[in-house]
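As structure tokens, the structure follows; a few thoughts come after it.
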Amino acid sequence: MVKKMLQRVFFLFLFLSVLQACASLPEPEGFSYQEIKTNEFSLASWARISEKGRPLRIYIEGDGFAWINAYTPSQDPTPSELMVLDLAQRDTSANVVYLARPCQFVSSRECRPYYWTIGRFAKQVVVSEIEAIRALMEQYKAPSAELVGYSGGGAVALLAALKIPEISKVYTVAGVLDHQAWTSYHKDSPLTDSLNPANYKKKLMKIPQTHFAGNADKNIPVSLTEKFVYSLKSDRAEIIVVPDASHNKGWVGIWNRLIEPLK
């Protein structure tokens, strides 16, 4: 009897948690929401599509609310700030999509802190993003797509582009481009179970890419972005340093001026 009662309480709590998560979903004007199911995860996405059959520009979220403090991972990596969604809203491209990372906004049995800590760029994570990008391209009959990755989403965007030939360009904003160099810079524990874009430079050098770095960014300093870009030794890779921009401030208000000339 007690066991059954506890089970009922657990499932009621789970049901209420799902309802609360759904009720708190953002509602960006002009964008429609859909949950994309992949083999490992369900990914939250918002899209503003003007015309099917044209290229997509897909914004990939950062690591979100990964840690409560230096020692405690969060139980829900949903970002506390919606800067990346704001960037997508500012984009005047015909077809714009915002794509969350696993376990952000929606949850599943597979969700655990591993996937937003040491395994934030694990193969399962990257494959799920690739599956979602392909599904979006098929759904909207897009012949190609550009990826815009913020922070850790920059690493995901680069890794995804390696597997999707139809990706025409990658943009990163304050991007984690070499997580080994990044954790070493901060003297943090390495992301031991994560794929690293820096290990695929020979392939990445063939992909057109622009990396925006904030001059006031103390999380991803300009020097780390410069080191990665220069190591590619490719005329297809460039860095644009944005004065006064930090890791998560100073981007939204000027985003059109940054991204529009690069179309």
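A few points about this structure:
- Any hit, segment 129-144, residues being crowded, with 20+ Cβ neighbours inside 10 Å and closer than 30 Å to PRO243 by Cβ: no
- Some residue of segment 95-103 being basic (Lys, Arg) and outside any loop (DSSP other than H, G, I, E, B): no
- Counting residues in segment 121-128 that are aromatic (Phe, Trp, Tyr) and surrounded by fewer than 20 Cβ atoms within 10 Å (Cβ to Cβ) gives zero.
- A residue that is touching a residue at least 24 places away in the same chain (Cβ under 8 Å) and under 26 Å from TYR71 (Cβ atoms) cannot be found anywhere in segment 131-139.
- In segment 50-77, the residues that are without any contact (Cβ under 8 Å) to a residue 60 or more places away in the chain and more than 22 Å from VAL170 (Cα to Cα) reach residues that are aromatic (Phe, Trp, Tyr) and surrounded by fewer than 21 Cβ atoms within 10 Å (Cβ to Cβ) with C-beta atoms within less than 8 angstrom, at least six apart or across chains, in these pairs: PRO73/TRP67; SER74/PHE65; SER74/TRP67; ASP76/PHE65; PRO77/PHE65.
- Looking at GLY154, GLY214, GLY250, just one residue is at positive phi and in contact with a Gly (Cβ under 8 Å, 6 or more places away or on another chain), and that residue is GLY250.
- Hits in segment 41-79 (condition: among the hydroxyl-bearing types (Ser, Thr, Tyr) and either surrounded by 15 or more Cβ atoms within 10 Å (Cβ to Cβ) or at pLDDT 95 or above (or both)): SER42, SER45, SER50, TYR59, THR72, SER74, THR78
- Scanning segment 219-233 for residues that are under 11 Å from MET205 (Cα atoms) and out of contact with any helix residue (DSSP H, G or I) (no Cβ under 9 Å at 6 or more places or on another chain) yields VAL229, TYR230.
- Among strands (runs of 3 or more DSSP E) entirely within segment 28-71, having at least 3 residues that are of a type outside the set (A, V, I, L, M) singles out 32-37, 42-49.
The values are calculated or read from the model by the stated rules, or taken from the named source; none is laboratory data. Source: prediction; values computed, not measured. Neighbour counts run over all protein chains shown; Cβ positions are idealised from the backbone, glycine included.
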